[in-house]
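Heads up: the structure comes next, in structure tokens.
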Amino acid sequence: MRDNRHLVAFGGLALALLLGGVISSFVSIRSIDRLIGDLQVTASAVDRAELCLSNLLDAETAVRGYVISGDRTFLQPYERVINHTRADCLAVASLTEQAGNTTGMMGLDQLVSEKIGRLTALVDMRRSGNITGANAQVVTGVGKGLMDKIRLQIGDYIRGKQDAIFAKQADIKLFMKDFIVLMVSMSGLVLLLALAFVWLLVRDIRHQLADQANINTQLALDLQLRTNENLSLVNTSLLASEENLDVTLNSIGDGVISTDVHGLVRRLNRTAEHLTGWRGEEAIGRPVAEIFCIVNKATRMPAIIPVADTLKSGSVTGLANHTVLISRDGSEHDIADSCAPIRSRDNLVVGAVLVFRDVTAEYKLQQTLTDTAARVQAVLTTAADGIVTFYAKGGVIESANTATLTMFGYTETDIIGQSFSLLVPELGDDLHDGSLEYYVASHAGKASGLGREVTGRRHDGSAFPMEIAVNEFAIGGERFFTAMMRDNTIRKQVEAERTALDLALQNKSHEFEEATKLAEKANLAKSDFLSNMSHELRTPLGAILGFAQLLESATPPPSVAQTRSIGQILNAGWYLLDLINEI
């Protein structure tokens, strides 16, 4: 009975140890499942954040292309993603709360809403034909600032989540090690207990001990089998997590290179492979300087790779501006962004992740915008007409070109910040109302370069006539007016001289008409006189010639002396008739 009591006590102890091992195994498996679930939630949040950023970048590129070209086909990516972007960002926040982190994406919804609002405003301005306002909206750089804030917040969030993924993977590996040690220990303990139990049974009841040993051995084998199955499931989950991480990195539009603590490459995503020209299997294990070859764009001197500084200082290090990445095949890409440390659970720097992107197209667009602004400034500087920009509310002058300063006799510091009524006093009441519709140039006025006539006042107090045409535009929600002015003093003088000349010409024309009438009257009198004179002279002359001819042909014929006299009469008469005909 005593030996049986020891056997029962020993069996109870073995059962308690076995039950404790099973409970520990169950707790370990549940912890591993929980870590894997957290890892999946974190990876899903990273996917959502990257999708949100990618959609915003697509929408911003589409809107800029539409503003510059006016081609509506550029808006297809914008219209396709703009309605889902905010929902993706809200989904990120929801996943963040599920993961127990309520501060990672604070303020992102507001930034995204503001960014979407600005993109929508740009599209509306371009659709309404306000190209100048849309370009001015782009030049301000406010949209780029919002995008940089969103990119920075999402980038910090993604890097934080990636650190969390690495930490959770490390926790899973640690749990797996502990679980394996526990399983091996439990297997050894169970085996020892089984051997001891068999030894006791052999000593007490040989046949029963043999049967019990077989039963315990089978239980141990079953437990080992279940343990092996659980280990296989954990390994499968780890492989799935690794695949998810690869998919996540490859779906990022930016290039990503991770290194170990010695600066040797551990991983490249597809974008990094494309930009560097190195395949992942070729680059892994090589120094990052050999893969990531960068130079200064201006000097062509090798640039410092920030990985070493990040590994040394443990802080985020940014790349210098105007950095060019030289690919393995010799092609070049303008790049930007930064390098961040990878930390272990003990907050030790165990590597670095280099995130970079191709900004060649952005630099070209920025250069185009800079050149356009320079051309506009050159036009304003060389324009012969005065051009003034002032706020719609209050009429405070914001800018004035050189022609305006020359026209009114002010310096730039004299009028900037002053009311526009200082130059055109009669606009004072309209400026307070914020409406200058009467002075807005009509379509005909714009075509001819003319506007409304007003009176300007120079710095010395003298007034002069001028023409003004006003147009309204908005920048950043603030209304502005642009006034184009032309000094009409010389034109008014020329018009007055032309009026006086026209009056003098009219007077001379009247005198000429009177002289013409007198000349015509005299000519008519002359014609009447000649007609009457010809008639009066021909009547007696006809009688003289007729009777002379009768005398010449009379019977009997005239004498010689008479013939001679009649001949003289006829010659003189015919001569006189020729004179009358000539007159």
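The values are calculated or read from the model by the stated rules, or taken from the named source; none is laboratory data. Remember, it's a predicted structure, so these values are computed and weren't measured experimentally. Glycine gets a Cβ as well: all are built from the backbone with ideal geometry, and neighbour counts include every protein chain shown. All accessible areas refer to the heavy atoms of the entire protein, side chains included, with ligands and DNA or RNA removed. Shrake-Rupley method; radii C 1.70, N 1.55, O 1.52, S 1.80 Å.
Could you count how many residues in region 241-267 are at pLDDT below 70, open to solvent by less than 60 Å² (accessible area, probe 1.4 Å) and farther than 22 Å from Phe26 by Cα? Residues flagged as at pLDDT below 70, open to solvent by less than 60 Å² (accessible area, probe 1.4 Å) and farther than 22 Å from Phe26 by Cα within region 241-267 amount to 5.
Screening Glu398 with (1) part of a strand (DSSP E or B); (2) over 30 Å from Gly314 (Cα atoms); (3) open to solvent by less than 60 Å² (accessible area, probe 1.4 Å) gives one miss only, at (3).
Restricting region 126-138 to residues that are surrounded by fewer than 15 Cβ atoms within 10 Å (Cβ to Cβ) and in a helix (DSSP H, G or I), which is modelled with the highest pLDDT?
The selected residue is Arg127.
Scanning region 34-57 for residues that are over 21 Å from the mean Cα position of the chain (by Cα), open to solvent by 50 Å² or more (accessible area, probe 1.4 Å) and closer than 19 Å to Gln110 by Cα yields a single hit, Arg48. Residues in region 534-578 that are at pLDDT 85 or above and of a type in the set (Asp, Glu): Asp578 only.
Is it true that some residue in region 476-488 is small (Gly, Ala, Ser) and open to solvent by less than 50 Å² (accessible area, probe 1.4 Å)? Yes.
Screening Met106 against (1) open to solvent by 70 Å² or more (accessible area, probe 1.4 Å); (2) under 21 Å from Leu152 (Cβ atoms); (3) at pLDDT 65 or above; (4) not aromatic (Phe, Trp, Tyr) leaves a single unmet condition, (3).
Would you call Arg300 charged (D, E, K, R), modelled with pLDDT under 90 and within 27 Å of Ser54 (Cβ to Cβ)? Spell out how you get there, then give the answer.
Values: charged (D, E, K, R): yes; modelled with pLDDT under 90: yes; within 27 Å of Ser54 (Cβ to Cβ): no.
It is false that Arg300 is charged (D, E, K, R), modelled with pLDDT under 90 and within 27 Å of Ser54 (Cβ to Cβ).
For the structure I just gave you, tell me whether Thr61 is among the hydroxyl-bearing types (Ser, Thr, Tyr), at pLDDT below 75 and within 23 Å of Val355 (Cα to Cα). The answer is no for Thr61. Kindly provide the set of residues from region 301-332 that are part of a strand (DSSP E or B) and either of a type in the set (Ser, Thr, Tyr) or in contact with a Phe, Trp or Tyr (Cβ under 6 Å, 6 or more places away or on another chain) (or both), ordered by number. Thr317, Thr323 - these are the residues of region 301-332 that are part of a strand (DSSP E or B) and either of a type in the set (Ser, Thr, Tyr) or in contact with a Phe, Trp or Tyr (Cβ under 6 Å, 6 or more places away or on another chain) (or both).
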